[in-house]
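Here it is, the structure in full.
The values are calculated or read from the model by the stated rules, or taken from the named source; none is laboratory data. Worth saying up front: this structure is predicted, and the values here are computed from it rather than measured. Glycine gets a Cβ as well: all are built from the backbone with ideal geometry, and neighbour counts include every protein chain shown.
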Amino acid sequence: MSFESVKEFEQKIADFYGAPYGIAIDSCTHAIELCLRYQDIKHYTVPKRTYISVPFLASKLGITFDWRDESWQDYYYLGGTNIIDAAVLWKENSYISGTFMCISFQFRKHLSLGRGGIILTDSKKHAIILKKMSYDGRSPDIPWREQNIDTLGYHYYMTPETAQIGLAKLQTLPDHNDDCAGSYTYPDISYVKDFK
């Protein structure tokens with residue numbers, strides 16, 4: 001199976017959201033992680049009501065974070081950054097220029113692939129580097145034995161099999177998800193023992 005299906009999926013999702021570039025990832029959490037690593041973020045703020053993996057990333061990466069009280073709908077910024085957790089957003093032409101917008105395709109999301117995510121950006125340079133970072137530091141277009149790998153990479157890429165499922169499902173989805181989630185669908189996780 002070829003990575004052409006991943007490229008096609010990336011382009012279709014980027015076009016749907018109105019972003020110039022998309023980098024398909026194996027999960028939205030890993031998408032956010034790559035953006036944090038790429039920009040060498042040292043601190044961010046996060047809503048008390050969000051998915052637990054987002055504040056856990058701070059511990060994993062040695063980053064400090066603070067909680068904030070925020071009611072949000074469809075997406076929120078990791079405070080102090082241009083990274084957006086848009087895991088639950090499904091709306092045509094909703095990309096926000098100048099950001100790294102991270103979308104989820106987890107099994108409960110509108111485009112349900114079981115697992116997966118994408119980073120949307122308007123920078124070709126950022127897209128190329130983030131793609132390499134997601135794919136073990138390699139370019140997917142050149143056999144890795146022929147590459148002079150110059151980027152620290154992680155094994156976070158979307159598989160062609162997942163991309164093909166996504167391409168098939170895209171043909172039947174509407175342009176907007178009316179039942180997107182927000183802060184009200186998440187518990188307050190600031191009380192979790194590991195965050196004390």
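This table checks each residue for (1) over 30 Å from Phe195 (Cα atoms); (2) among the hydroxyl-bearing types (Ser, Thr, Tyr); (3) assigned to a helix (DSSP H, G or I).
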site	(1), (2), (3)
Ile13	yes, no, yes
Ala19	yes, no, no
Gly22	yes, no, no
Leu89	no, no, no
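Then there's this: Please go through the stretch 73-92 and give me each residue that is at pLDDT below 95 and of a type outside the set (A, V, I, L, M), ordered by number.
Scanning the stretch 73-92 gives Gln73, Asp74, Trp90, Lys91, Glu92.
Could you check Gln106 against (1) buried (at least 20 other Cβ atoms within 10 Å of the Cβ); (2) under 13 Å from the mean Cα position of the chain (by Cα) and say which number it fails?
Gln106 satisfies all of (1) buried (at least 20 other Cβ atoms within 10 Å of the Cβ); (2) under 13 Å from the mean Cα position of the chain (by Cα) except (1).
While we're here: Look at Leu167 and say whether it is touching a residue at least 40 places away in the same chain (Cβ under 8 Å) and within 17 Å of the chain's Cα centre (by Cα).
Against the criterion (touching a residue at least 40 places away in the same chain (Cβ under 8 Å) and within 17 Å of the chain's Cα centre (by Cα)), Leu167 does not qualify.
Per-residue answers, yes or no, for (1) surrounded by 14 or more Cβ atoms within 10 Å (Cβ to Cβ); (2) within 18 Å of Phe9 (Cβ to Cβ):
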| position | (1), (2) |
| --- | --- |
| Lys125 | no, no |
| Thr151 | yes, no |
| Tyr156 | yes, yes |
| Thr172 | no, yes |
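Conditions first: (1) assigned to a strand (DSSP E or B); (2) closer than 17 Å to Ser123 by Cα; (3) free of Cβ contacts under 8 Å to residues at least 24 places away in the same chain. Met101 passes all but one, so which condition is the exception?
Of everything listed in (1) assigned to a strand (DSSP E or B); (2) closer than 17 Å to Ser123 by Cα; (3) free of Cβ contacts under 8 Å to residues at least 24 places away in the same chain, Met101 misses just condition (3).
What number of residues in the stretch 71-84 are within 15 Å of Thr185 (Cα to Cα) and either touching a helix residue (DSSP H, G or I) at 6+ places or on another chain (Cβ under 7 Å) or in a loop (DSSP other than H, G, I, E, B) (or both)?
Within the stretch 71-84, residues that are within 15 Å of Thr185 (Cα to Cα) and either touching a helix residue (DSSP H, G or I) at 6+ places or on another chain (Cβ under 7 Å) or in a loop (DSSP other than H, G, I, E, B) (or both) number 4.
Here's something else I'd like to know. Can you tell which of Arg37, Arg49 is assigned to a loop (DSSP other than H, G, I, E, B) and on the phi < 0 side of the Ramachandran plot? Quick ask: steps written out before the conclusion?
On the way: Arg37 fails: assigned to a loop (DSSP other than H, G, I, E, B).
Result: Arg49 is the single residue among Arg37, Arg49 that is assigned to a loop (DSSP other than H, G, I, E, B) and on the phi < 0 side of the Ramachandran plot.
Could you tell me how many of the residues in the stretch 106-160 are assigned to a strand (DSSP E or B) and among the small types (Gly, Ala, Ser)?
Selection size over the stretch 106-160: 2.
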